[in-house]
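The next block holds one structure in the form of C-alpha cells; read it before the comments.
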Ligand SMILES: [Cu+2]
C-alpha cells in the first residue's frame, strides 16, 4: 500500500473542510444592531468539522462592542478574557475602559448532525455609524479539525467571496426618530429622562417592573401620570414600603410629583412602574419602545433596555436569588 505523506493528508483534510465551509458558515442570529443599544449575540453552529463533533467555540468581541457578557451553557464551561479598550466608552452610569474581549465555550460535544447556539449580551457603542458592519470572528474546534471564521471583507468585497467569513452585524439607525435614538437620555421640556429600563421576566410572568430617573430642571412641578409599552395591557405607578418586615406596594395616587430642581428615581425596591397583563415576556438584552406620560411635558417616547431577571440596575447581571416571599419588582 502506498504511504501518503502526512503533509498531503493534512492538505486534503483542509480542502474537504473548506468545501463544507462554503455551504454553512458560523452565523449570528441577529444580523442588525443599532449604535448605543444592547445587542444579543447568538452564535449558531450548524455543523461540525467534516463529521467530527464540535467541542470548542470562541468568539472575539470587536473594539467598540462593550460590556460583553456570556450566557452560561449547560454541559459547557465558559471562560472570558478581558482587556483594555482603545478608548473610554459611555456606559450607563459612567465610562468603561475595559471589558471582555473573547468568550470561549469548551468541554461540550455538539454532534455534526445537530445545531446549537452560544449566546452573549453586549452593547454596541457609538463607534459605529449606520451602514457599517461589525464583525465577530468565531473559532470552532473539533477533536480533529477546526474552522477559523475570521475573514473580514475588504472595502467593496462581497462576504460571500470569502472562504471562512467572520459573522457580521449591520449597523442600522435606531428605528423611530431622534427622540428614541438616544435610548439612555431624553429631554422633554423641563424634564431630563435618564436610563429607562426594565427587568426580564421568568416564563409566563404577567408583571414586570420598570425603572427610570427623571430630573425637573424647570421652575414648575410636573407629574408622572402614566406609562405604556405595547406588551403590557396596563401600567401603574407603585410605591414600595416596609411594613412589619414585609414589603408592601401601593399605587401612587394622582401621579408622581417631580418638584422643580428635584430628581425622582424609580428603582428596584422603591418607586417603580408596574407593567401588567404582559402579552409576552421581555428578554434580557432587548429594548422595548414605550412612553412616559407627564402632566405638563406630555407623552414622551422612551426606550426601555431590558436587564436580566432580578437585576438591581440596568446592564447588571441578575442579583443573587431573591429571598422567598420577596416579590419580583
Ligand atoms: Cu408593583
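If I ask for residues that are under 16 Å from residue 207 (Cα atoms) and part of a loop (DSSP other than H, G, I, E, B), which ones from the stretch 229-269 would you list?
Across the stretch 229-269, the qualifying residues are 229, 230, 231, 267, 268, 269.
For the stretch 254-280, which positions are over 19 Å from residue 297 (Cα atoms) and either surrounded by 15 or more Cβ atoms within 10 Å (Cβ to Cβ) or at pLDDT 90 or above (or both)?
Within the stretch 254-280, 267, 268, 270, 271, 272, 274, 275, 276, 277, 278 meet the criteria.
Can you tell me which residues in the stretch 259-268 are away from the ligand (no atom under 11 Å from the Cβ) and over 16 Å from residue 225 (Cβ atoms)?
260, 261, 262, 263, 265, 267
If you take the residues in the stretch 197-228 that are within 15 Å of the ligand (Cβ to nearest atom) and not in a strand (DSSP E or B), which one is modelled with the highest pLDDT?
207
Is one or more of the residues making up the stretch 161-172 under 26 Å from residue 285 (Cα atoms), touching a helix residue (DSSP H, G or I) at 6+ places or on another chain (Cβ under 9 Å) and either at pLDDT 95 or above or surrounded by 19 or more Cβ atoms within 10 Å (Cβ to Cβ) (or both)?
Checked the stretch 161-172: at least one residue is under 26 Å from residue 285 (Cα atoms), touching a helix residue (DSSP H, G or I) at 6+ places or on another chain (Cβ under 9 Å) and either at pLDDT 95 or above or surrounded by 19 or more Cβ atoms within 10 Å (Cβ to Cβ) (or both).
The values are calculated or read from the model by the stated rules, or taken from the named source; none is laboratory data. Since the structure is predicted, the reported quantities are computational estimates derived from the model, not experimental observations. Neighbour counts run over all protein chains shown; Cβ positions are idealised from the backbone, glycine included.
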